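Just below is one structure, and these are the notes that go with it.
Just so it is clear, none of the values below were taken in a lab; they were calculated from the coordinates. Owing to the predicted nature of the structure, the values given are computational and were not obtained by experimental measurement. A quick note on method: Cβ atoms are made from the backbone with ideal geometry, for glycine too, and the neighbour counts reach across all protein chains shown.
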Amino acid sequence: MIQSIGLRAIRFETSIGCLPTEFEKKTPLECDVLLTIEREFTNFDSYDTLDHTFDYRLIETILLEVARTRHFNMMESLGHLFLQTIIIRFPFIRKGTITLRKPGALASGAIPEVTMVWPDGR
């Protein structure tokens, strides 16, 4: 059975950006992740345990681990490394989408956002 599992509005701070001030202090980001996974479900009563799904807490844990690894110049780099990391660890993931937002980056209040999808469909 194919299912999607995700987390929305994961808030965290990381070292990201190209401006000199962004190298000096961490920047708040917000993130949504949606994963499509393939799992075998034949009898829902006996499969009603965490062992038979993807524990969504791992999404946040891995994202925060990746965000702490280094300084990222672009949100795209962070998104790519997250998708690469989670898909290598969990080969039953068939598709991954991450959307990163950088609130407070623009004086107008507009929020920059990037979305990355794996596989990219090429």
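Quick notes on this one:
- Relative exposure of Met75, Met116, judged by other C-beta atoms within 10 Å (fewest first): Met116, Met75
- A Cβ-based charge dipole, computed about the Cα centre of the chain with Lys and Arg at +1 and Asp and Glu at -1, lands at about 380 debye.
- Relative to the longest principal axis of the Cα atoms of the chain, the long axis of helix 75-89 lies at roughly 20 degrees.
- Taking a point 7 Å out from the Cα of Lys25 in the direction of its Cβ, the residues of the range 93-109 whose backbone N falls within less than 20 Å of it are 101-109.
- Relative exposure of Val114, Val33, judged by other C-beta atoms within 10 Å (fewest first): Val114, Val33
- A dipole drawn for the chain from +1 and -1 charges on Cβ atoms has a positive end, and of Thr97, Gln3, Met74 the residue lying farthest that way is Met74.
- From the C-alpha gyration tensor of the chain, square roots of 5λ in Å: 31, 13, 13
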